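Comments concern the structure below.
The values are calculated or read from the model by the stated rules, or taken from the named source; none is laboratory data. These numbers come from a predicted model, not from an experiment. As a convention, Cβ positions derive from the backbone with ideal geometry for all residues, glycine included, and neighbour counts pool all protein chains shown. Protein only, heavy atoms only, side chains kept; ligands, DNA and RNA dropped before computing areas. Shrake-Rupley method; radii C 1.70, N 1.55, O 1.52, S 1.80 Å.
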Amino acid sequence: MTAERTQVAIIGAGPAGLTLAHVLHAHGIESVIIERRDRAYVERRLRAGVLEQGTVDLLRTLGLGARMDREGLVHHGINLQFGGERHRIALSELTGGRVITIYGQHEVVKDLIAARLAHGGQIAFGADDVSLHNITSDRPRVQFRHDGRLRELHCDVIAGCDGSHGVSRDAMPPGERQIFERAYPFSWLGILAAVPPSLGEVVYAHHEHGFALHSMRGPQITRLYVQCSPDDTLDSWPDERVWLELEARLSTTDGWTVQRGPVLEKSITTLRSVVMEPMQHGQLFLAGDAAHVVPPTGAKGMNLAVADARVLGEALACWYRRGDRNGLDDYSATCLRRVWRAEHFSWWMTSMLHRFPGHDAFQERLQLSQLRYVCRSTAAATSLAENYVGLEHV
Ligand code: FAD
Ligand code: DHB
């Protein structure tokens, strides 16, 4: 066994873990990231695509925004579609000029990994059997198998950034944590297609066949999703069926529809809401999906992960610099305010736009009434817009 030492051991090289390593580096604090997958896998994993203004601002401040600024698409609005008609929510006008940036999560991850390695940072890719020890002492440690040897990393703090299927959340003693959860009775089937976006903005569509979403990854790449059954497999969704459903759900009465193209990737994502309280125990701090999951309607998951990492990084900086533990002690409460706001927003968007089992005329009229209200009332549209671009103060 090789024994090593660092200040902060970070488990997981997703948006939360990588952002944290960069915030710590900016304050002169050392960290080591331990990642289960190999680098190529992590850099190819297709997930979210919408960056809030606050996420973009943080990446720029950390000097990580150059490619995002070149290749990301700045959007000033999104669209809600129902009854075959499209309604634009003017995000920037309603929020004093704030915008969203379309830039794939895997591109963010690539940029953060490259910069971390360029700074001489350590990322142990392909780590197995990761386990956490002594989390309630001031000498916690992480053990893992890497490159055929057993390594033991001694540290001051462990940051559990290993997503919703990681080991960190299970290291929280069951008696000390509470889990709040909702499962949704549907999934999303997502495709990436080699075709220019059919519209320059994101479209969320409510339709009698179920929800559909039009988004993009660049001028030549479209990202599309359809609501499907939670029991569906990729076999039940050949390309032809995917396109027919996208056309049915996204077309408008004025003749607009989605353009077809070669399907580059296809996957199914389940929808869940999960929050673990508190997000810390002893010297273990959870960040991102390790502590909370939102359904993707509203595009909050990655942004929450980055927001947690910033709060944790700044709190650790105060502790190392001045011995001030207040930020660390308040970490959970500070993050949970933003988390619950995003949980509500994502649940609300999901409820307004999807077709639920037992969907009847009453449910339909409630959804349509809410959609009309959001599109016609400036107050309601502003509420959606400020949540969508990300609230500065929660
Ligand atoms: P992750 O990105 O999950 O990173 C965790 C990292 O930890 C991973 O690299 C993982 O390999 C590693 N890890 C796991 N276990 C271990 C272990 N035992 N030891 C070491 N390392 C470990 N959000 C949206 O807003 N819009 C979307 O369209 C959207 N689509 C999604 C599609 C899918 C399939 C999934 C799973 C999520 C999606 N999300 C979406 C959510 C968003 O991607 C997440 O909220 C975001 O990835 C959270 O970042 P994170 O760093 O907390 O976790
Ligand atoms: C995308 C994903 C989302 O969950 C969303 O709400 C909007 C856009 C995307 O992948 O581009």
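With the full set of protein chains in place, find how many percent of the accessible area of the chain is carbon and sulfur; take the probe as 1.4 Å.
Roughly 49 percent of what the probe reaches on the chain is carbon or sulfur.
List the GluC sites (Glu not before Pro) in the range 288-394 that DSSP assigns to loop (not H, G, I, E or B) and whose Cβ has at most 15 other Cβ atoms within 10 Å. Which are they?
Hits after loop and neighbour filter: E392.
Looking at the chain only, what percent of DSSP beta bridges run antiparallel? Nearest 5 please.
Approximately 70 percent, going by the DSSP bridge assignments.
Report, in degrees rounded to the nearest 10, the 0 to 90 angle that the Cα long axis of helix 378-389 makes with the longest principal axis of the chain.
So the helix axis and the longest Cα principal axis differ by about 40 degrees.
Say each of E240 and R44 gets a label point 7 Å from the Cα, pointing the same way as Cα to Cβ; how far apart are those two points in nm?
Output for this residue pair reads 2.9 nm.
Can you give the percent of C-alpha pairs in the chain whose distance is more than 27 Å?
Result: 50 percent of Cα pairs exceed 27 Å.
Hey, rough spin-label estimate for N134 and E93, points 7 angstrom out along Cα→Cβ, what's it come to in nanometres?
That separation, rounded to one decimal, is 6.0 nm.
Rolling a 1.4 angstrom probe over the protein heavy atoms, how many square angstrom per residue are accessible across the chain?
Each residue of the chain exposes 42 Å² on average to a 1.4 Å probe.
Based on the alpha-carbon gyration tensor of the range 78-176, what equivalent-ellipsoid semi-axes (square roots of 5 times the eigenvalues) come out, in whole Å, largest first?
41, 20, 15
Cα axis of helix 15-26 to longest principal axis of the chain: angle in degrees, 0 to 90, nearest 10?
The angle comes out at about 50 degrees.
For the chain, what is the mean residue ellipticity at 222 nm derived from helices alone (per DSSP H run of n ≥ 4: -39500 (n - 2.57); sum divided by total residues; nearest 500 deg cm²/dmol)?
Taken over the chain, the calculation gives -11000 deg cm²/dmol.
In whole Å, what is the distance between the alpha-carbon centres of the range 250-287 and the range 172-202?
The two parts, judged by their Cα centres, are 3 Å apart.
Using only Cα atoms and rounding to the nearest 10 degrees, what angle (0 to 90) does helix 239-250 make with the longest principal axis of the chain?
For 239-250 against the chain, the angle is about 70 degrees.
Quick one: what do you get for the range 148-219 if you divide its Cα Rg by 2.2 N^0.38 Å?
1.86
Given the range 1-127, what percent of its DSSP beta bridges are antiparallel, to the nearest 5?
For the range 1-127, the DSSP antiparallel bridge percentage is about 60.
In whole Å, how far is the Cα centre of the range 53-112 from that of the range 32-49?
22 Å
Tell me which chymotrypsin sites (Phe, Trp or Tyr not before Pro) from the range 215-270 have a DSSP coil assignment and no more than 16 other beta carbons within 10 Å of their own.
W256
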